[in-house]
Amino acid sequence: MHFKFTTAGESHGKALVAIVEGVPGGLLIDVAAIDHELWRRQQGYGRGGRMKIETETVEILSGVRHGKALGSPIALMIANDDFVHWQDVMSVEALDSEPTNPRVVTRPRPGHADLPGGQKFGTRDLRDILERASARETAARVACGAIAKQLLAQFGIEIKSHVIQLGGTPEQPLERTWDDIATIPRDSALNCADAEIEQAMIALIDKAKDDGDTLGGIYEVVARGLPVGLGAHTSWEDKLDGRLARSIMSIHATKAVEIGMGVANAAKRGSEVHDEILLSETSAVATGFFRKTNRAGGLEGGITNGEELRVRGYMKPISTLRKPLHSVDINTKEEDLAAFERSDITAVPAAGVIGEAMIAIVLADAMREKFGGDSIEEMRRNFEGYQGTVQRY
Ligand code: EPS
């Protein structure tokens, strides 16, 4: 049994849609909680005008009855409110005449999918590429991830994210506990656990805006309450670290991924890196085995070890610049400046929310793989039986 999803939809098309499979029958589906995650993805200082246009809400089309999953594929839809302004340009039907403003894109943006996508598909209008390459697609992922989160919550698993560096500030990415992250206000500007540093980040965004430029950063996703034993050391494709890394690297503009203190650990000695194993007699530690440090970020051998899972995504600056970089027109073959499409100055907090969704989906998949079950009750029985065995180990 696998938890999986697929999405469809163009940025200025009619809607984003997704199909989620592997949701156990009987799982309560909270639509308002999905909408809340969609709202979270839209937040963050430095987002562009599009977020003011969209009021993202999900419509569930199938797979749920009377508030509970049926175990069948769940189809969902998020309408693009901006579509009304793009009906001709994004028309599904062939048009009898050219739209008054066809919005053809011929000057590829360095760093975007525009040029390699155009070359690969042979299209002379790069809009054919950029509409799908847009990070708008991540709204559909966040809706799927919200369902994964609801499944994980049944087993006491929670996920949060925070911004630990933006535009190179602070120099050393922030290290914060779960409780620190939990205190970040819902409406915080950048989802950063240090208010002073957040102010410095805001100043950097203002400066980048004035300069017609963009900024990247680092987000960290933390999951807690995980059972020991998700993923496996047995085959490369079963190792959970590889699966998590792939999911994070698939997020638009994310160019590197780190698990635990993976980057810093590479420069240290083994004795400074590995988390020593201790045994507790207190009931506070479910399995008895625990660590005082968690530099491994919750995974050993591609298997969860019961500690907090910590995954960092490194986001490059958004490739649409108000002060564009040099490019070449694909038709005239003349040097020109890249096209400008309305965009964001930065979207690192949103990438964190998307990271949460992707991590939730991979963890939900690993949970379905290990505990199976057609219904949530059956899955819970299998989970509890296994937890009993692990505790007696
Ligand atoms: C986005 C919607 C897009 C962009 C952004 C993310 O909307 P529009 O193109 O209408 O402004 O704001 O996409 C990109 C940064 C990109 O490079 O494609 C969203 O919904 O997150």
Over the chain, average the accessible area per residue using a 1.4 Å probe and give it in Å², no decimals.
-> 49
Work out how much length LEU337 to ALA264 would gain on full extension: take 0.36 nm times their residue separation and subtract the Cα-Cα distance, in nm to one decimal.
-> 22.4 nm
Packing rank of 139-146, 229-236, where each peptide gets the mean count of other beta carbons within 10 Å, highest leading = 139-146, 229-236
Note to self, the chain gives a 222 nm [θ] from helices alone (DSSP H runs n ≥ 4, -39500 (n - 2.57) apiece, / all residues, nearest 500) of -9500 deg cm²/dmol
Between 0 and 90°, nearest 10: helix 195-210 axis offset from the chain longest Cα axis = 20
Measuring from the lowest to the highest alpha carbon on each principal axis, how far does region 144-187 reach, largest first, in angstroms?
-> 38, 22, 20
Based on the Cβ-Cβ distance from GLU196 to ILE277, what FRET efficiency comes out when R0 is 45 Å, to the nearest 0.05?
-> 0.75
Toward the positive end of the charge dipole of region 4-391, about the Cα centre and with charges on Cβ (Lys, Arg +1; Asp, Glu -1), which of PRO349, VAL222, GLN42 goes farthest?
-> VAL222
In whole percent, how big is the carbon plus sulfur part of the accessible area of the chain, probe 1.4 Å, protein atoms only?
-> 51
Around PHE289, which amide H atoms from residues at least 5 apart in sequence, or from another chain, sit under 5 Å from its own amide H, with H modelled in the peptide plane?
-> SER280
Taking the highest mean first, how do the peptides 6-14, 286-294 order by number of other beta carbon atoms within 10 angstrom per residue?
-> 6-14, 286-294
Between helix 138-153 and the chain: long-axis angle, C-alpha atoms, 0 to 90°, nearest 10 | 10
Between TRP178 and ALA8, the two model label points (7 Å from Cα along the beta-carbon direction) sit apart by a distance in nm of 4.0
Could you tell me how many degrees, from 0 to 90 and to the nearest 10, lie between the Cα long axis of helix 31-42 and the main elongation axis, the longest principal axis, of the Cα atoms of the chain?
-> 60
Which of the peptides 149-156, 200-207, 161-168, 118-125 is most tightly packed, and how do the rest follow, judged by the mean count of other Cβ atoms within 10 Å per residue?
-> 161-168, 149-156, 200-207, 118-125
At R0 = 30 Å, FRET efficiency that the Cβ-Cβ distance of GLN154 and LYS255 yields, to 0.05 = 0.30
Return the tail of the calculated pair distribution for the chain, meaning the percent of Cα-Cα pairs more than 42 Å apart.
-> 16
Between ARG65 and GLU93, with labels modelled 7 Å along Cα→Cβ, what's the label distance in nm to one decimal, could you check?
-> 3.6
Please give the length that would be gained between ALA286 and VAL390 if that part of the chain were fully extended, namely 0.36 nm times their separation in residues minus their C-alpha to C-alpha distance (nm, one decimal).
-> 36.6 nm
R0 of 30 Å, Cβ-Cβ distance GLN119-ALA75: FRET efficiency to nearest 0.05 = 0.35
Mean projection of the alpha-carbon convex hull of region 1-45 over all orientations, in nm²?
-> 4.6
Note to self: Kirkwood Rh of region 149-291, Cα pairs, one decimal, Å, is 18.0
In whole angstrom, the spacing between the Cα centers of region 179-208 and region 211-237 equals 21
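The values are calculated or read from the model by the stated rules, or taken from the named source; none is laboratory data. Note that the structure is a prediction, hence the values are computed from the model and not measured. Neighbour counts run over all protein chains shown; Cβ positions are idealised from the backbone, glycine included. Surface accessibility is based on the protein's heavy atoms, side chains included, excluding ligands, DNA and RNA. Shrake-Rupley method; radii C 1.70, N 1.55, O 1.52, S 1.80 Å.
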